[in-house]
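The values are calculated or read from the model by the stated rules, or taken from the named source; none is laboratory data. These figures come from a predicted structure and were not determined experimentally. Virtual Cβ from ideal backbone geometry, glycine too; neighbours counted across all protein chains shown.
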Amino acid sequence: MDRSVDRAALGAFLRARREALQPEDVGLRRGPRRRTPGLRREEVAELCDMSSDYFARLERGDGPQPSQPMAAAVARGLRLTPDERDHLFLLCGHRTPRRRLRSEHINPGLMRVLDRLRDTPAQVMGPLGETLVQTPPAVALLGEQTRYSGEARSAPYRWFTDPAERGRYLPDDHERNGRVNVTLLRAAATREGPRSQAAHLVQSLLHSSAEFASLWDQQEVGLHWNDAKRFVHPEVGRIDLFCQNLLDPDQSQSLLIFTATPGTESHDKLALLNVLGTDSLSVPGS
């Protein structure tokens, strides 16, 4: 059972962490007129995807009890370490995060790298292909992938159940992409066990996708993604990119960074996407 929230201690902790976090730590420019130690409340609120008034009330000690998802958002926004995150949950009146919330808490080191890639397509992925956070250029390239809920949060699940998921990839790559998705999900289910979320996704896909069931029966293991990625974007067409993968083994998370060879047409298209910003068009055929 959850405890009562310790508002005074929570406010003091949030204020201390905010003041310790510097603009450079989250990819912001300091500017010549900054007098506030650390970040401003409105900057932290934006990082936590909440209103500045809500965060200010929490820091003053007169706000509502944050829900577990809200506490997780604060932990991510303040770039807390796992120990700091657990302390925050206890101050909010909750037990330490459930396993699902723990797996979605991004390593502060990965977040610091991501903060410095604001002009580059990059995103942090969870162990089952959940997109946890994206830079704006990644949203422009791949669409908003953090909006999904339930089983659809998993990219392998969407690959076999949502035809639109394949629309951003070159058709010649679809067959191998499907095989890799099955291989990675098999590895996760084997690693996590028969009662895991990975095993649940496997059972769900076996019942909902004949293609997945056929590939699953092949018992293929050991396939991995290619570094070369060939996308088809609804606005700029085909883009050939390279994907660098920075792995955090402790939390089974990875930071994907997409780059193009300078001087190529794909490099020019990627620069154009950064200018266009988040696309609002649907994938062809969706």
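Overview of values
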item	result
Among the candidates Val283, Val236, residue that is touching a Gly at 6+ places or on another chain (Cβ under 6 Å) and either at pLDDT 90 or above or surrounded by 14 or more Cβ atoms within 10 Å (Cβ to Cβ) (or both)	Val283
Selection within region 117-131 - within 11 Å of the chain's Cα centre (by Cα) and surrounded by fewer than 23 Cβ atoms within 10 Å (Cβ to Cβ)	Met125, Gly126, Pro127, Gly129, Glu130, Thr131
Subset tally (residues that are in contact with a Phe, Trp or Tyr (Cβ under 6 Å, 6 or more places away or on another chain) and either surrounded by fewer than 16 Cβ atoms within 10 Å (Cβ to Cβ) or at pLDDT below 95 (or both)) for region 150-168	3
Long-range neighbours under 6 Å by Cβ, at least six apart or interchain, first residue over 17 Å from Met50 (Cα atoms) within region 68-96, second among the basic types (Lys, Arg)	Gly93/Arg3
Residue match in region 86-109 (condition: on the phi > 0 side of the Ramachandran plot, outside any strand (DSSP E or B) and not assigned by TED's automatic domain parsing to the domain that holds Asp62)	no
Given (1) buried (at least 23 other Cβ atoms within 10 Å of the Cβ); (2) free of Cβ contacts under 8 Å to residues at least 12 places away in the same chain; (3) of a type in the set (A, V, I, L, M, F, W, C), index of the condition Leu114 fails	(2)
Region 55-77, residues that are within 18 Å of Ala8 (Cβ to Cβ) and surrounded by 15 or more Cβ atoms within 10 Å (Cβ to Cβ)	Phe55, Ala56, Arg57, Leu58, Glu59, Gly61, Gly63, Gln65, Pro66, Ala71, Val74
Helices (runs of 4 or more DSSP H) (entirely within region 26-84) containing at least 1 residues that are within 20 Å of the chain's Cα centre (by Cα), modelled with pLDDT of 90 or more and of a type in the set (A, V, I, L, M)	41-47, 68-77
Qualifying residue in region 223-232 (condition: of a type outside the set (D, E, K, R), surrounded by 11 or more Cβ atoms within 10 Å (Cβ to Cβ) and in a strand (DSSP E or B))	yes
